[in-house]
Amino acid sequence: MSMLASNWQQSAPGVWRLMIGNPQGITPLSLMEVLPKTEALQQLPQVNPPFTREDIEIEDLGDYLMLSIPLNRTEKLYGTGLQLLRMNQRGRNRYLRVNSDPKQDTGETHAPVPFYISDLGYGVLVDTSRIVTMYCGSTMRQDETLSEDIRDRNTDKGWKATLVASRVEIKLPREGVNVYLFGGPTLSDVVARYNLFCGGGTLPPKWGLGFWHRVPTLYTDGQVLEEAEQFRQHDIPCDVIGLEPGWHSLSYPVSYEWEKSRFPEPEQFVKELDRKGFRVNLWEHPFVSPKSELYEELKPLSGSHSVWGGLAPDYSLPEAVSLYKKQHEEQHVNIGVAGYKLDECDGSDLTNNSWMFPGHAQFPSGLDGEQMRQMYGLMFQKMTTELFRSKNRRTYGLVRASNTAASSMPYVLYSDLYDHKQFIRGVCNASFSGLLWTPEVRRARNAEDWVRRMQTVIFSPLAMLNAWGDGTKPWSFPEVEDTVRHYIKLRMRLLPYLYTAFAAYREKGIPPFRAMPFVMSPAEIAEAEAIEAKAAEQTLNTTDGAYGKKKVREWDDQYMVGDALLVAPLVEGETEREVLLPSGIWYGLETGERYEGGCIIRIQCGLERIPVFVRNGSVIPMMPALSHVPPLGTQVPLELIHFGDAVGEGNLYDDDGESFDYETGVCGLWKATVTQEADGSYEGRLTGPTEIPQAYSTVTWRFAQIRL
């Protein structure tokens, strides 16, 4: 039975809600208790729904409902969470289940967000704790099949396994859901609306944007302190030291309690690191050991199935949340611990490595295992964020699972997978769904692989070396230590710019790291793709693989950082690459070479450099390459660097970098403007609430700068 979706209600400016059936139970939006940033939403262009609502259909198919939304023939679809294997989801089935091992292109992922965005300027979100399957133009109805699309595979080069379908079909739970429609008019506006609807983007503490290092799992307090000191001796900045499972008295399952033989005086240890300029981040996972002091009280508040012999607590229950927070507050936060790495809240379903509680597990709240698994990452992010907020302290951490409405959470996704190209794609794809992703560095095959991975992670939301398994250090390859040091220091110099980009995420919903469809129109990208397709050899597809050998380039290996910088990483084995430059004039950040945009360029690049381009006329705020982010109350020099020969401007946001006082107005936004005088010289002006931000001692300008 089909029915029209007619009862749409406006939920916020440019956002409409359709209630289908009788939605039941907890959902990501209800769990996160999001409050839309209405004032910011009102500043976006006023739009009507992007297509006729009567064209949206709902079918009752007995065990489930099917939502059907129209597509045109050239439309591209992005999003659906953290997808590591492709960027354009058009023509694919997305089975959106949390999974720690997304090794096949099925849609399963660490962060399955049932939200897709069209390059025509609209987005669709399904708010549910259930697994959602999205058929993103991958299913063809008989009455919509066009005769001209039917080809002979034996002789026709144009044969395709997936025909051009005219609809997205979304499989929904039988009880019903709330579906949200986000207007544009641009793709960037759609994502901004989604992030603002979910409370805005996160603003990390300043120290969170420094460099991170995680030590081997069984290190003692003395070994950690010694390794921290080595960073200072090697003149390599570092702000955060992460402790892995060995800090627990028990792990797999965990105790959340300090191991006294390795950390006999944890408070003194944390304070000693703080005096040296290091914050402490603690690894943990959800499954509580029978020997933990929390076990007996959490047992009646936990699920029917154990994991590694430990409890899986039901953190939709306030009593369970209270127990967790109390223990973490007393033993971690009150002694100065700065945050957490929330591991293994996703689950694995590999044949030889399945360890998560099953979908039929039952929890005291009434949730089943499917719902809990989809929501577990969000629950841990919310609990820990609230814990630090209660102390008026910001945190920044790592999480291995997430879902809808995570944009305001101060967490960055990571994976136990380790493909460099997929990690670069993750930076791009995270930007569509209110997520952040780090292409963390661990081991390396050689010095080249090491440098290329380090260069990429420096230009990401969280710059981290994860040495828990093999003990690698930034200086592990002495022949390239200078290059690694250079880029970690560049990260520190760019901190004012990065912090300002995150402030725009919080206030305007604009991701600080964003894929190319954010800054180039569909027509611009299509033109570049047409040029490349014409140059490529068109071969007959006679393979047995369903999708053959041909692949349209998606430009999912380059991305913007803020408004002014374009990063195009290289991986091991590459010395040159193509870069798609948006229109306008661009300069090599470190070479000064001038490029005409609006086209594809080919650039050669030695190991000592990652291709980074800066938009003509940009003003980049920078600070000295200190050993760590300066403590509150310490002022440092500010340098405003103007690139190119065009007049222009840039922004500088600042606050105390630690607390939530910015929410009451204790912050400021400054505008750095460059004009050109009659004699050809340049003049810069910094205007804002005060002459200069309180965090800075002096301001200097550099004009017509074409390289760092």
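The values are calculated or read from the model by the stated rules, or taken from the named source; none is laboratory data. All values derive from a computational prediction rather than experimental measurement. Here the Cβ positions follow ideal geometry from the backbone for every residue, glycine too, while neighbour counts run over all protein chains shown.
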**OP:** For Phe432, state whether it is hydrophobic (A, V, I, L, M, F, W, C), in the same structural domain as Gly347 (by TED's automatic domain parsing) and farther than 15 Å from Ala463 by Cα.
**Re:** no
Query raised in the report: Going by the structure shown, is Ser407 buried (at least 24 other Cβ atoms within 10 Å of the Cβ) and modelled with pLDDT of 95 or more?
Result: yes
Restricting attention to region 463-471, does a residue exist that is out of contact with any Phe, Trp or Tyr (no Cβ under 9 Å at 6 or more places or on another chain), of a type in the set (A, V, I, L, M, F, W, C) and surrounded by 24 or more Cβ atoms within 10 Å (Cβ to Cβ)?
no
From the option list Lys508, Lys489, single residue qualifying as surrounded by fewer than 20 Cβ atoms within 10 Å (Cβ to Cβ), modelled with pLDDT of 95 or more and in contact with a Pro (Cβ under 7 Å, 6 or more places away or on another chain) is Lys489
Pairing a residue in region 118-136 that is among the acidic types (Asp, Glu) and surrounded by fewer than 24 Cβ atoms within 10 Å (Cβ to Cβ) with any residue that is modelled with pLDDT of 95 or more and part of a strand (DSSP E or B), where Cβ atoms lie under 7 Å and the two sit 6 or more apart in sequence or on different chains, gives Asp127/Val177; Asp127/Asn178; Asp127/Tyr180
Taking region 272-304 and keeping only residues that are touching a Ser or Thr at 6+ places or on another chain (Cβ under 7 Å) and without any contact (Cβ under 8 Å) to a residue 60 or more places away in the chain, one is left with Ser289, Lys291, Ser292, Tyr295
The residue from Pro237, Pro185 that alone is part of a loop (DSSP other than H, G, I, E, B), assigned by TED's automatic domain parsing to the domain that holds Leu35 and within 28 Å of the chain's Cα centre (by Cα) is Pro185
Of the residues in region 147-186 that are more than 18 Å from Pro114 (Cβ to Cβ) and among the aliphatic types (A, V, I, L, M), the one that is surrounded by the most Cβ atoms within 10 Å (Cβ to Cβ) is Ala165
Checking Leu31, Leu35, Leu41, Leu65 in turn, the sole residue that is more than 18 Å from Ile117 (Cβ to Cβ), in a helix (DSSP H, G or I) and in contact (Cβ under 8 Å) with a residue 40 or more places away in the chain turns out to be Leu31
Checking Leu67, Leu85 in turn, the sole residue that is at pLDDT 95 or above, within 27 Å of the chain's Cα centre (by Cα), among the hydrophobic types (A, V, I, L, M, F, W, C) and at negative phi turns out to be Leu85
Filtering region 551-570 down to residues that are surrounded by fewer than 18 Cβ atoms within 10 Å (Cβ to Cβ) and modelled with pLDDT of 95 or more yields Asp563
Selection from region 57-74 of residues surrounded by fewer than 19 Cβ atoms within 10 Å (Cβ to Cβ), in contact with a Leu (Cβ under 8 Å, 6 or more places away or on another chain) and farther than 13 Å from Arg90 by Cα yields Glu57, Glu59, Tyr64, Met66
For strands (runs of 3 or more DSSP E) lying entirely in region 607-679, having 1 or more residues that are polar (S, T, N, Q) and in contact with a strand residue (DSSP E or B) (Cβ under 9 Å, 6 or more places away or on another chain) picks out 648-654, 668-676
Filter region 231-254 for residues that are farther than 21 Å from Leu209 by Cβ and surrounded by 21 or more Cβ atoms within 10 Å (Cβ to Cβ); the one that is modelled with the lowest pLDDT is Ser251
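Yes/no matrix, rows are residues, columns are (1) part of a helix (DSSP H, G or I); (2) hydrophobic (A, V, I, L, M, F, W, C); (3) within 24 Å of Met560 (Cβ to Cβ):
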| site | (1), (2), (3) |
| --- | --- |
| Val412 | no, yes, yes |
| Arg445 | no, no, no |
| Thr456 | yes, no, yes |
| Trp468 | no, yes, no |
| Gly471 | no, no, no |
| Arg485 | yes, no, no |
| Ala501 | yes, yes, yes |
